[in-house]
Every structure is written in structure tokens, then in C-alpha cells.
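The values are calculated or read from the model by the stated rules, or taken from the named source; none is laboratory data. Remember, predicted model here, so these are calculated numbers, not experimental data. Please note: Cβ atoms are built from the backbone with ideal geometry, for glycine as well, and neighbour counts cover all protein chains shown. Protein only, heavy atoms only, side chains kept; ligands, DNA and RNA dropped before computing areas. Shrake-Rupley method; radii C 1.70, N 1.55, O 1.52, S 1.80 Å.
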Amino acid sequence: MRKVNVDWLGSCPRCGCNKAIVETEMGNEKFLYEDDIIKCNECGLKGVVEVTDDYADDCVASANWEES
């Protein structure tokens, strides 16, 4: 798995940092995939990427953080 840095998944609920490291097989800094592993750059809180269809023929990736 490769690691990429992103700053567009939203803020960490524990510390408010908006930068995360993502472990991904096929993703990159612009595109992530369902169940990619995320980790806050500042406090280390972990989570996974969730991908939802926004009904405009696009998919939207968001962070699903572990409970802090």
C-alpha cells in the first residue's frame, strides 16, 4: 500500500487538524477509494474513507473517523 497526504477530507474530530495520511492501493492525492485507511497527521486518530454517490454522476469521498 502506498501512503498519500490529503487536506480535503475534513477536520479530525479529536484535534481539528485537516491533514491526513491515507493508505491506499489505487488512490492518489485527488481520488480515494472506499475503505482506504486514514490517519490524522497531528494526533494519529484513525478511520476509513467512505464513498457516496451524490446523484450527479459523481462520487464523493469522506472521512469516517473512529470514535475519539
Cβ pairs under 6 Å, 6+ apart, first in the range 1-28 and charged (D, E, K, R), second open to solvent by 80 Å² or more (accessible area, probe 1.4 Å) and not in a loop (DSSP other than H, G, I, E, B): Glu23/Lys3
Any residue in the range 50-67 that's among the hydroxyl-bearing types (Ser, Thr, Tyr): show its pairings with residues that are open to solvent by 90 Å² or more (accessible area, probe 1.4 Å) and modelled with pLDDT under 80 at Cβ separation under 6 Å, as long as the two are six or more apart or on different chains. none
Looking only at residues that are among the polar types (S, T, N, Q) and modelled with pLDDT of 90 or more in the range 53-68, which one is surrounded by the fewest Cβ atoms within 10 Å (Cβ to Cβ)? Asn64
Can you find even one residue in the range 18-34 that is open to solvent by less than 70 Å² (accessible area, probe 1.4 Å), farther than 20 Å from Arg2 by Cα and out of contact with any helix residue (DSSP H, G or I) (no Cβ under 6 Å at 6 or more places or on another chain)? no
